[in-house]
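The block underneath contains the structure these notes are about, expressed in structure tokens.
The values are calculated or read from the model by the stated rules, or taken from the named source; none is laboratory data. These figures come from a predicted structure and were not determined experimentally. Methodologically, a virtual Cβ is constructed for each residue, glycine included, from the backbone with ideal geometry; neighbour enumeration extends over all protein chains shown. Ligands, DNA and RNA are stripped out before the accessible areas are found, and what is left, the full protein with its side chains, is counted by its heavy atoms. Shrake-Rupley method; radii C 1.70, N 1.55, O 1.52, S 1.80 Å.
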Amino acid sequence: MSASDAHERNANKRKQGLLPVALDTTYAGVNPTGVGIYSARLADELRRNSARLGIRLICYGPACVPQGPHRTIPGTIQEWPVYTHGILPVRLLATRPGIVHSTSHIGPLWGPGRLIVTVHDLIFMRYPADYNPAWLAITRAILPSVLRRATAIIADSQATKDDIQTFFGVHSGKIVVIYPGMDQPSAAAQATENQYRRNNDDKPYILCLGPWVRRKNIEVVLRAFSILAPVIPDLRLILTGDRPPGMKGYSRAELFSYIDAKHNSRIELTGYVTSSEKHQLIAGASALCYPSRIEGFGLPPLEAMAAGTPVVASNTPAVAEVTGGAALLVNPDDPFDWARTLEQLLLNADLRAALRKAGLSRSRNFTWQRCAEQTARLYHRVAERV
């Protein structure tokens, strides 16, 4: 036997000992953030470290190429249950994986393998008006059956785990909290962001990120800015995003109705920005405001903390959990509380320095390597169950 034949034989033996896992990234196609980022980064980490993690990865869907999420079916057909419950199970029959992991809450209701689903949040249960009515009706009809079929459920946070139990009565032992990771800025990106920060040292601003949907609670920051603006005359407010097409949310006119008209010139509405532009805006901000009433995880505060930008956020369960004491948390419905807290932060250099140090430390705990390792361990535990 030649050396190459022996090498191939040994490789096949090692491959046979790996757990076959089908990663279903169906719902990553139309979403370049949130589920899309989670699906792409997890797929990449599992792919690169599959042998070390003891798995053989079989990836389906738009996050299965190294470049990240891409649509594999025109339009939004792939993100509706026709694909998930009709086409995907047939494709799985060809490989018969031991584990099928759907990176969003709607996994296949039939087919081979033990099912694991990741539930990122149940915001649609609390704020249904923010969602397409047809999608919402289908999701509410199917999700209970998916959760019953799943052998295990991954929740992005303890807050999401609590919601799964509250809304669907799922037993606690079936749900495992595995935090997503976050992308740490590269050296080149960090240098660019630092330069942007230096260029804006004499033009202080607070930053609030869209989209302009009701649950993001943007109005409280606008009201707070009207209170704060006379106290800090050179302060600006930058608001990114817009109202998503076809969804209910704030209009531009409504947003400006929350601001004293004499401060309008100090408000900048950027519209949607690229990822690079967003990170530059975060790096240059005196503070990131995160007033959302509900989240399943809350990535923007972590991104700000990783950039050394102080965070003022709503004291909602998931945000409090993720920021872990490294942000200032306030009542989401009290603009005076927001104004007082922002004033305290902006006028206190020692407080800003303390939050910067705490935020940098906290953000380093959220890595895709840790997320993939914990996820792979769950695969093996589920596969070994009798």
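General remarks:
- A Gaussian network model of the chain, with springs between Cα atoms under 10 Å, assigns the largest mean-square fluctuation among Pro244, Pro332, Pro310 to Pro244.
- Extension gain, Asp162-Gln374: 0.36 nm per intervening residue step, less the Cα-Cα distance, totals 74.3 nm.
- Since only Gly296, Leu222, Pro112 are under comparison, the one whose Cα sits farthest along the positive direction of the charge dipole of the chain, derived from C-beta charges on Lys, Arg, Asp and Glu, is Pro112.
- Residue among Leu143, Ile154, Ala376 farthest towards the positive dipole end of the chain, charges placed on Cβ: Ala376
- Gaussian network model of the chain, Cα within-10 Å springs - most flexible of Gly98, Gly61, Gly169: Gly169
- Most fluctuating residue given options Ala152, Ala339, Ala353, as computed from a GNM of the chain linking Cα atoms under 10 Å: Ala353
- Note that the range 283-296 has calculated 3J(HN,Hα) couplings of 5, x, 6, 6, 7, 9, 9, 10, x, 3, 7, 7, 8, x Hz, one per residue in order, obtained from phi through the Karplus relation 6.51 cos²θ - 1.76 cosθ + 1.60 (θ = phi - 60°); glycine and proline are x.
- Taking other residues whose beta carbon is less than 13 angstrom from the beta carbon of Ala372, and scoring Lys, Arg as +1 and Asp, Glu as -1, yields +3.
- HN-Hα J in Hz across the range 93-99 - Karplus 6.51, -1.76, 1.60, θ = phi - 60°, x for Gly and Pro: 4, 6, 10, 6, x, x, 10
- For the chain, the tally of Lys pairs with Cα-Cα distances below 29 Å comes to 15, considering only residues 8 or more apart or on different chains.
- Estimated FRET transfer efficiency when R0 is 41 angstrom, pair Trp110-Arg266 (beta carbons, to 0.05): 0.10
- Phi-derived couplings, Karplus 6.51 cos²θ - 1.76 cosθ + 1.60 at θ = phi - 60°, listed residue by residue for the range 177-184: 7, 10, 5, x, x, 8, 7, 6 Hz, with x used for Gly and Pro.
- Charge context of Thr323, other residues only, Cβ under 15 angstrom, K/R +1, D/E -1: 0
- Rolling a 1.4 Å probe over the protein heavy atoms gives the range 237-386 an accessible area of 44 Å² per residue.
- Surrounding net charge for Arg114, when Lys and Arg each add one and Asp and Glu each subtract one, Cβ distance under 14 Å: +4
- Dipole size of the chain about its Cα centre, with +1 on Lys/Arg Cβ and -1 on Asp/Glu Cβ: approximately 1260 debye, rounded to the nearest 20.
- With every protein chain in place, the chain: carbon and sulfur % of accessible area (1.4 Å): 53 percent
- Residues Ala141 and Ala354, FRET efficiency given R0 of 51 Å [Cβ-Cβ distance, rounded to 0.05]: 0.55
- Fully extending the segment from Glu343 to Phe256 would add 29.2 nm, taking 0.36 nm per residue of separation and subtracting the current Cα-Cα distance.
- For P(r) over Cα pairs in 20 Å bins from 0, in percent, computed directly from the structure shown, the correct entry in (1) 20, 29, 24, 15, 8, 3, 0; (2) 26, 53, 19, 2, 0; (3) 29, 56, 15, 0 is (2).
- Overall, the range 264-386 carries a charge dipole of about 460 debye about its Cα centre when +1 sits on the Cβ of Lys and Arg and -1 on the Cβ of Asp and Glu, all other atoms neutral.
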